[in-house]
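Working notes, structure below.
Computed from the coordinates by the stated procedures, all read-outs in this text should not be read as laboratory data. Everything numeric in this text was worked out from a predicted model, so none of it was measured. Cβ: placed from backbone, ideal geometry, glycine included. Neighbour counts: every protein chain shown.
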Amino acid sequence: MKVGKEEIAGLVCALELYMARDEAAEMVLWEARVACILNALSGLASVRGWRQLPPGIGQQIPHAAVSWDENAIGVTHANIARRLLAGSPRIAVQAVTLPGGRTELRAQPHTLQEGEAEVVARRLREELGGEAQST
């Protein structure tokens, strides 16, 4: 197997960038994005939002989880995920069905750029029947 100098240079650069990261600063940023999304959902009837952190030693990145009474809201979790993806701007959330049939949506903060958490928060609130809040 041949490896070119370009591939080696790319790997070295990637390792240098990774080692230079400020994990504490990233965690503060991610927590703020999760809080932004959850704050936008507060006060919506039949909607519950909470902060989750994956178990184990893998990617310890907090995320916003949202669930609601589908009968009360009149829309399924899968439909909201599709609407967000089809909307403008397109927003991808993770729809997860848990044991027992409970479903939740998860928004990942580490995939967002500056200002995008507010857009996700506003669109989720709109889709769940709340008026958009100014951020």
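Brief remarks follow.
- Here the mean projected area of the convex hull built on the C-alpha positions of region 6-56 is 5.8 nm².
- Sparsely packed loop sites in region 1-37 (the trypsin sites (Lys or Arg not before Pro) outside DSSP H, G, I, E and B with at most 12 other Cβ atoms within 10 Å) comprise LYS2, ARG21.
- Structure-based [θ]222 nm, the chain - -39500 (n - 2.57) summed over DSSP H runs of at least 4, per residue, nearest 500: -14000 deg cm²/dmol
- Total charge dipole magnitude, the chain, about the Cα centre, Cβ charges on Lys, Arg, Asp, Glu only, Debye to nearest 20: 360 debye
- Evaluated at q = 0.12, 0.16, 0.25 Å⁻¹: base-10 log I(q)/I(0), Debye formula over Cα of region 68-135: -0.32, -0.56, -1.23
- Nearest-ten-degree value, helix 77-86 long axis tilted from longest Cα axis of the chain: 60 degrees
- Normalised by 2.2 N^0.38 Å, with N the number of residues, the alpha-carbon radius of gyration of the chain equals 1.27.
- Gain on full extension, evaluated as 0.36 nm per residue between MET19 and GLU7 minus their Cα-Cα distance, stands at 2.5 nm.
- Theoretical FRET efficiency, 1/(1+(r/R0)^6), r = Cβ-Cβ of LEU85 and GLN113, R0 22 Å, to 0.05: 0.80
- In region 43-93, trypsin sites (Lys or Arg not before Pro) in a DSSP loop with at most 10 other beta-carbon atoms within 10 Å: ARG90
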